[in-house]
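> Below is a structure I'd like to ask you about.
The values are calculated or read from the model by the stated rules, or taken from the named source; none is laboratory data. From a predicted model like this one, the values you see are computed outputs, not experimental measurements. Here Cβ is always computed from backbone atoms with ideal geometry, including for glycine, and neighbour counts include all displayed protein chains.
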Amino acid sequence: MAKTIDLESDVYAVAESLARQQHCTVGAVVNQTLRQTLIGRVPLEPEPPEQTPPHLTIDLETGLPSVKCSQTFTSEDVHRCEMDVV
């Protein structure tokens with residue numbers, strides 16, 4: 001796509017020099033430089049939301065969630081909880 005922009009003479013001179021060194025056009029140098037500069041400052045796509053909370057992981061073998069807790073729960077603890085619900 002052709003667009004017209006005004007470059008100051010010193011900027012054009014540097015772009016022209018780089019284009020000669022890289023064996024490409026001044027437009028290619030300007031595009032590459034702008035792309036590198038803008039990508040470093042503005043993300044092109046929003047970052048995807050975190051899929052799981054940090055304390056929750058998915059076991060790769062079973063596909064089941066695993067919750068990190070501050071204490072260990074045994075099968076006896078689970079059985080006691082089940083008995084409380086009934």
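> Test residue 61 against the stated conditions and say whether it is part of a loop (DSSP other than H, G, I, E, B), charged (D, E, K, R) and either modelled with pLDDT of 70 or more or surrounded by 10 or more Cβ atoms within 10 Å (Cβ to Cβ) (or both). Give the steps one after another, and end with the answer.
Numbers: part of a loop (DSSP other than H, G, I, E, B): yes; charged (D, E, K, R): yes; either modelled with pLDDT of 70 or more or surrounded by 10 or more Cβ atoms within 10 Å (Cβ to Cβ) (or both): yes.
Judged against the criteria, residue 61 is a match.
> To continue, here is another question. Within the bounds of segment 71-86, is there any residue that is surrounded by 10 or more Cβ atoms within 10 Å (Cβ to Cβ), assigned to a loop (DSSP other than H, G, I, E, B) and modelled with pLDDT under 80?
Looking through segment 71-86, at least one residue is surrounded by 10 or more Cβ atoms within 10 Å (Cβ to Cβ), assigned to a loop (DSSP other than H, G, I, E, B) and modelled with pLDDT under 80.
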